[in-house]
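For reference, the structure discussed in these notes is given below.
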Amino acid sequence: MTAPASPPATRARWLSTLHQWHWVSAAVSLMAMLLFTLTGFTLNHAADIEGRPQVTQRHAQVPPALLADLPAEGSTAPLPPALRYWLEDTWQLSLGAREAEFSADEVYLSLPRPGGDAWLRIGLPDGHAEYEHTDRGWISYFNDLHKGRHTGTAWRWFIDVFAAACLVFCVTGLGILYLHAKNRPMAWPIVGLGLLLPALLALLFIH
């Protein structure tokens, strides 16, 4: 019959496991944590870090044949493949399967993206096309990555995985702190301060 593990052995096993999960989650989330920390600062001071948007405008004439079989007026649907390929080739764009708005007077396609905005319009029936792209710079780009603004499904999944890694990092850190707390009497007062300070700021200064 195997004797039960002694308290020091159990503590050492838990400490080893927590340390392993702690450093693995730290390694996985390190670079993203640096990115989100820096962009948290730039978002908090967005009014003081103003960029100069650069606006690009382009014009073209769409061949009449490409406007012959548009979706019904008042509908929302992707652009017909031939029209989409022509626009992408003419202006070196990537439109994908984004849905456009079709009306009696125009075809309008919104193209929001991190760090900027863009739109495309085709006048009907003359076929005059115009494209406008606004670039607000790299700081705005990374700020939008922080917020998940117009970043697509892959980036949203990345944020979820990153958040899970940060949760593991925090929980394992708390476990390590618990196991070391007996020898560090200021551990729990400092943890309490970390909880109390934001709570007081929210109660007293956020209205």
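Read-outs throughout are calculated quantities, based only on the coordinates presented, and are distinct from any laboratory measurement. Keep in mind that this is a model prediction, so the values were computed, not measured. Counting neighbours? That spans all protein chains shown, and the Cβs are built from the backbone with ideal geometry, glycine included.
Computed quantities for the displayed model
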item	result
Computed E for Ile159/Thr17 - FRET, C-beta separation, R0 25 angstrom, nearest 0.05	0.40
DSSP loop trypsin sites (Lys or Arg not before Pro) with at most 15 other Cβ within 10 Å excluded, longest remaining stretch of the chain	1-97
In sequence order, calculated HN-Hα J values of the range 122-130 (Karplus, 6.51, -1.76, 1.60; Hz; x Gly/Pro)	10, x, 10, x, 6, x, 6, 10, 9
Computed over the range 60-205: relative contact order in percent, which uses C-alpha pairs under 8 Å that are six or more apart	15 percent
Estimated dipole of the chain in Debye, rounded to 20 [Cβ of Lys and Arg +1, of Asp and Glu -1, Cα centre]	1740 debye
Efficiency of FRET between Lys182 and Thr37 - r from beta-carbon atoms, R0 35 angstrom, step 0.05	0.65
Dipole magnitude of the range 81-178 about its Cα centre (Cβ charges: Lys, Arg +1; Asp, Glu -1), debye to nearest 20	600 debye
5 angstrom amide H check on Leu111, placed H, neighbours 5+ away	Ala118, Trp119, Leu120
Pairwise label distance in nanometres, Asp105 with Leu204, each label 7 Å out on the Cα-Cβ vector	5.6 nm
Rg and Dmax [Cα atoms of the chain; Å; Rg one decimal, Dmax integer]	27.0, 90
Within the range 68-102, GluC sites (Glu not before Pro) in DSSP loop having at most 16 other beta-carbon neighbours inside 10 Å	Glu73
Interchain or long-range residues, amide H under 5 Å from Ala100's placed H	Ala77, Leu79
Backbone N within the range 151-166 under 16 Å of label point (7 Å from Ser94 Cα along the Cβ vector)	151-156
Dipole of the range 1-150 [Lys/Arg +1, Asp/Glu -1 at C-beta], most positive-end residue of Leu34, Leu66, Ala104	Leu34
Fewest-first sequence of Trp86, Trp23 by Cβ atoms within 10 Å of each Cβ	Trp23, Trp86
The range 77-94-the range 173-207 distance, computed between alpha-carbon centres (Å)	55 Å
Backbone HN-Hα couplings from phi across the range 185-201 [Karplus 6.51/-1.76/1.60, Hz, Gly and Pro as x]	x, 8, 4, 5, x, 5, 4, x, 5, x, 7, 6, 4, x, 5, 5, 4
